[in-house]
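Written out below as structure tokens is the structure these notes cover.
The values are calculated or read from the model by the stated rules, or taken from the named source; none is laboratory data. Since the model is a prediction, treat every value here as computed from it, not as a measurement. Here the Cβ positions follow ideal geometry from the backbone for every residue, glycine too, while neighbour counts run over all protein chains shown. Areas reflect the complete protein model, heavy atoms only, side chains present, ligands, DNA and RNA absent. Shrake-Rupley method; radii C 1.70, N 1.55, O 1.52, S 1.80 Å.
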Amino acid sequence: MSDNGHKKIEIPAMISVRDLAQNMDVSPIQIIKKLMNNGVMASINQTIDYDTAAIVAAEFGFEASLEREPASEEKESGEVPAWRQMIADEDEKSLIPRPPVVTILGHVDHGKTSLLDAIRNANVAAGEAGGITQHIGAYQVELKGRQITFLDTPGHAAFTAMRARGAQGADIVVLVVAADDGVMPQTKEAIAHAKAARVPIIVALNKIDKPNANPDNVKKQLGENGLVPDEWGGNTMVIPVSAKQRQGIEDLLEAILLVADNSDIRANPKGAVIGTVIEAQLDKSKGPVATLLVQNGTLETGDIVVAGTTFGHLRAMFDFRGRKVQKAGPSVPVSVMGLDDLPSAGDLFQVVESEREARRIILERQEKARKESMAQKKASLEELFARFQAGQARELNLILKADVQGSLEPIVNELNNLSKGEIKINILYAETGNVSENDVLLASASQAIIVGFNVQAEVSARRLAEAEGVSIRLYDIIYRLTEDIEKALKGMLAPEFTEKAIGKAVVLQVFTLSRGNRIAGCKVTEGEVRRNSKVRLLRGKDIVFEGEVASLRHEKEDVREMRQGFECGIGLKNFNDIQVGDVIECYVLEKTRLE
Ligand code: GDP
């Protein structure tokens, strides 16, 4: 960084961590770290809003200004979830208001689960006898004849997946903040996610029954985090509630309807059917059962549905009370049977005309996913390479999880002692708790290894780690942990290879063998050719192939090497386009250890 503190940078209203890093020419990991210092957990592909980006930019000595949006909305369309785009494409006249879809976020123990229960029960008391027995990951409540849909999956794999994909299933976020605890890291994370998804936030100021509740202090903190309460002239509704004593629940529901009225929450019930998979599980007797949230159109029993990369004829649908239904319109969650396989939470689903179309869409999605994963790999490799070339210190990124705070400190100290020379250990964060999906997502984004001490990896985290190629290492003895990391560090002092030319041969003739494999009949013109060497096939000035020798023969005999002046047959591994006049250059890679 130059010490001139006034470099200017234009930042759009929303920017991904990756793009911001590129625009400032710093490593995305540095940005992720700065965000973490500010209590925002973001992965490299996540988008952050202008305000957040500007703060980070300032820390790197940039003066940020808001980049003006281009007049057309085209630029944005790529980021809009498919279902929103589809609704936007509907004929204006066909759109009618639909129930708002609400999700509850907040710091652990601030009362998300209690609040969801309180809302559900309050509603049952008002109407339905018998209560809701089914848990399908979403439910609906009614206030003054209007419906509100709640996603009942906080902290759940569904939600992580939806957030990670920016799927933005919800129209409104209710942010639970405990009045006795205030704004905490996950509160900030939730604010960042809601802002990134441009979803309005209502604050449920929970636990106001507690003697040590301090609502004013929380409101102040909220203001500092961009959520200025409306009573203080801001735009954020802050509703005092007690989930435990069931107070303020109706006020909260009213606030939700008010915000809904001011948002464009509409859909076309007669339009194309599209929505989001909330969760899915395998039922022993029913087979795959998925909870789908319809977002446009009306889903009906018998429809052919493509969800993610699976499809099926819907055999039966149930509402959140477990009652069989034939139809589900916009914002209605239903649990469905009939899919061939389990879709993933956060996947989009849609209704198609035929099985053929379903298969075509699935193939397209698989192809797209394959390309994206390749592109991503390439990007991260390029990134690493660029950092190496720029001569920046090499880093081993670690995410550390331990059972108790008391274990963290000694481990961090030990690890810091290990950092030596060129390679640094970079602890992205050290926290207590089991290894979660969130850890894996961040590890994947920042090419980190996760080490756990006296903790376990959640099953979902393991699965994700496998898919993302993230390594999770668990220990119960500190020195084993540090010893292993030390070994890993030594391994990272990867030998550097230098190329050493050993010989050249010119192709005089080309023979085709039985299976179409071709052999170059050559004369060695310089040095020697070895069977275990690397080769480069030159045609004029062009390199047409780089690879290895598959076979080396001298008069029908396999040989290990052939010296200058001799003739030999050379086969190349996985390459047959050999022509007379080509030159085969042989070289070996020699190790040169660093340090
Ligand atoms: P979550 O982790 O956000 O889902 O939080 P929970 O709903 O599990 O609540 C955490 C703890 O706070 C539990 O012990 C609840 O009983 C308690 N709690 C939740 N809401 C209230 C409330 O309004 N008042 C009081 N006094 N305690 C509450």
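Report whether or not Ser43 is out of contact with any Asp or Glu (no Cβ under 9 Å at 6 or more places or on another chain), among the small types (Gly, Ala, Ser) and either open to solvent by less than 60 Å² (accessible area, probe 1.4 Å) or modelled with pLDDT of 75 or more (or both).
On the way: out of contact with any Asp or Glu (no Cβ under 9 Å at 6 or more places or on another chain): yes; among the small types (Gly, Ala, Ser): yes; either open to solvent by less than 60 Å² (accessible area, probe 1.4 Å) or modelled with pLDDT of 75 or more (or both): yes.
When the stated conditions are applied, Ser43 passes them.
Take Lys219 and tell me if it is open to solvent by 10 Å² or more (accessible area, probe 1.4 Å), without any contact (Cβ under 8 Å) to a residue 40 or more places away in the chain and touching a helix residue (DSSP H, G or I) at 6+ places or on another chain (Cβ under 8 Å). Write out each step before concluding.
Values: open to solvent by 10 Å² or more (accessible area, probe 1.4 Å): yes; without any contact (Cβ under 8 Å) to a residue 40 or more places away in the chain: yes; touching a helix residue (DSSP H, G or I) at 6+ places or on another chain (Cβ under 8 Å): yes.
For Lys219, the condition - open to solvent by 10 Å² or more (accessible area, probe 1.4 Å), without any contact (Cβ under 8 Å) to a residue 40 or more places away in the chain and touching a helix residue (DSSP H, G or I) at 6+ places or on another chain (Cβ under 8 Å) - is met.
Mind listing whichever residues of the range 564-584 are over 15 Å from Phe511 (Cβ atoms) and touching a Gly at 6+ places or on another chain (Cβ under 8 Å)?
Those that are over 15 Å from Phe511 (Cβ atoms) and touching a Gly at 6+ places or on another chain (Cβ under 8 Å): Gln564, Lys573, Asn574.
Residue by residue through the range 301-315, note down the ones that are of a type in the set (A, V, I, L, M, F, W, C) and open to solvent by 10 Å² or more (accessible area, probe 1.4 Å).
So the first thing to find is which residues in the range 301-315 are of a type in the set (A, V, I, L, M, F, W, C), and the list is 304-307, 311, 314.
Of everything in the range 301-315, those that are of a type in the set (A, V, I, L, M, F, W, C) and open to solvent by 10 Å² or more (accessible area, probe 1.4 Å) turn out to be Ile304, Phe311.
Suppose we filter Glu231, Glu250 for residues that are among the charged types (D, E, K, R) and more than 16 Å from the ligand (Cβ to nearest atom); which single one remains?
On the way: Glu250 fails: more than 16 Å from the ligand (Cβ to nearest atom).
Being among the charged types (D, E, K, R) and more than 16 Å from the ligand (Cβ to nearest atom) holds for just one of Glu231, Glu250, which is Glu231.
From the list Asn212, Asn225, which residue is open to solvent by 40 Å² or more (accessible area, probe 1.4 Å), at pLDDT 80 or above and more than 16 Å from the ligand (Cβ to nearest atom)? Show your work before the answer.
On the way: Asn212 fails: more than 16 Å from the ligand (Cβ to nearest atom).
Step by step, each of Asn212, Asn225 is checked, and only Asn225 is open to solvent by 40 Å² or more (accessible area, probe 1.4 Å), at pLDDT 80 or above and more than 16 Å from the ligand (Cβ to nearest atom).
Tell me which residues, restricted to the range 165-192, are charged (D, E, K, R), modelled with pLDDT under 85 and open to solvent by 40 Å² or more (accessible area, probe 1.4 Å). So that I can check it myself, show each step before the final result.
So in the range 165-192, the residues charged (D, E, K, R) come out as 165, 171, 180-181, 188-189.
Applying the additional criterion that residues be modelled with pLDDT under 85 yields 165, 188-189.
Of everything in the range 165-192, those that are charged (D, E, K, R), modelled with pLDDT under 85 and open to solvent by 40 Å² or more (accessible area, probe 1.4 Å) turn out to be Arg165, Lys188.
Pull up the range 106-122, narrow it to residues that are open to solvent by 10 Å² or more (accessible area, probe 1.4 Å) and either free of Cβ contacts under 8 Å to residues at least 40 places away in the same chain or more than 8 Å from the ligand (Cβ to nearest atom) (or both), then point me to the one that is farthest from Asn438 (Cα to Cα).
Once the filter is applied, the top-ranked residue is Ala122.
Counting residues that are under 27 Å from Asn38 (Cβ atoms) and modelled with pLDDT under 85, which strands (runs of 3 or more DSSP E) fully inside the range 422-520 reach at least 3? Steps first, please.
Working: elements: 423-432, 448-453, 472-475, 496-512.
Because the criterion is at least 3 residues that are under 27 Å from Asn38 (Cβ atoms) and modelled with pLDDT under 85, the strands (runs of 3 or more DSSP E) in the range 422-520 that meet it are 423-432.
Please specify each residue of the range 273-301 satisfying the condition of being of a type in the set (Val, Ile, Thr), assigned to a strand (DSSP E or B), over 13 Å from Leu339 (Cβ atoms) and modelled with pLDDT of 90 or more.
Just the residues of the range 273-301 that are of a type in the set (Val, Ile, Thr), to begin with: 273-274, 276-278, 289, 291, 294, 298, 301.
Next, from what is left, pick out any that are assigned to a strand (DSSP E or B): 274, 276-278, 289, 291, 294.
Imposing the further condition that a residue be over 13 Å from Leu339 (Cβ atoms) reduces the set to 274, 276, 278, 294.
Within the range 273-301, Ile274, Val294 qualify.
Just a yes or no: is a residue in the range 543-554 in contact (Cβ under 8 Å) with a residue 40 or more places away in the chain, of a type in the set (A, V, I, L, M, F, W, C), assigned to a strand (DSSP E or B) and in contact with a Gly (Cβ under 6 Å, 6 or more places away or on another chain)?
no
So how many residues does the range 519-550 have that are surrounded by fewer than 16 Cβ atoms within 10 Å (Cβ to Cβ) and farther than 18 Å from Gly565 by Cβ?
Summing the residues that are surrounded by fewer than 16 Cβ atoms within 10 Å (Cβ to Cβ) and farther than 18 Å from Gly565 by Cβ in the range 519-550 gives 11.
Filter the range 129-140 down to residues that are at pLDDT below 85 and in contact with a Lys or Arg (Cβ under 7 Å, 6 or more places away or on another chain) and give me whichever is nearest to the ligand (Cβ to nearest atom).
Ile132
Give me the residue from the range 438-481 that is surrounded by fewer than 22 Cβ atoms within 10 Å (Cβ to Cβ) and acidic (Asp, Glu) and, out of that set, nearest to Glu414 (Cα to Cα).
Per the criteria, the residue is Asp476.
Somewhere in the range 321-331, is a residue away from the ligand (no atom under 16 Å from the Cβ), under 30 Å from Asp216 (Cα atoms) and crowded, with 18+ Cβ neighbours inside 10 Å?
Taking the range 321-331 first, the residues away from the ligand (no atom under 16 Å from the Cβ) are 321-331.
Pick out the ones that are also under 30 Å from Asp216 (Cα atoms) and you get none.
The answer is no; no qualifying residue exists.
If you take the residues of the range 49-64 that are at pLDDT 85 or above and not aliphatic (A, V, I, L, M), which of them is surrounded by the fewest Cβ atoms within 10 Å (Cβ to Cβ)?
Glu63
If the requirement is being under 30 Å from Met14 (Cα atoms), away from the ligand (no atom under 16 Å from the Cβ), at pLDDT below 65 and hydrophobic (A, V, I, L, M, F, W, C), which of these qualifies: Met86, Met162?
Details: Met86 fails: at pLDDT below 65.
When all the criteria are applied, what remains is Met162.
Residues being more than 26 Å from Leu143 (Cβ to Cβ) and at pLDDT below 85: count how many of those fall in the range 108-122. So that I can check it myself, show each step before the final result.
Of the residues in the range 108-122, the ones more than 26 Å from Leu143 (Cβ to Cβ) are 108-109.
Then drop every residue that is not at pLDDT below 85, which leaves 108.
Residues meeting the conditions: 1.
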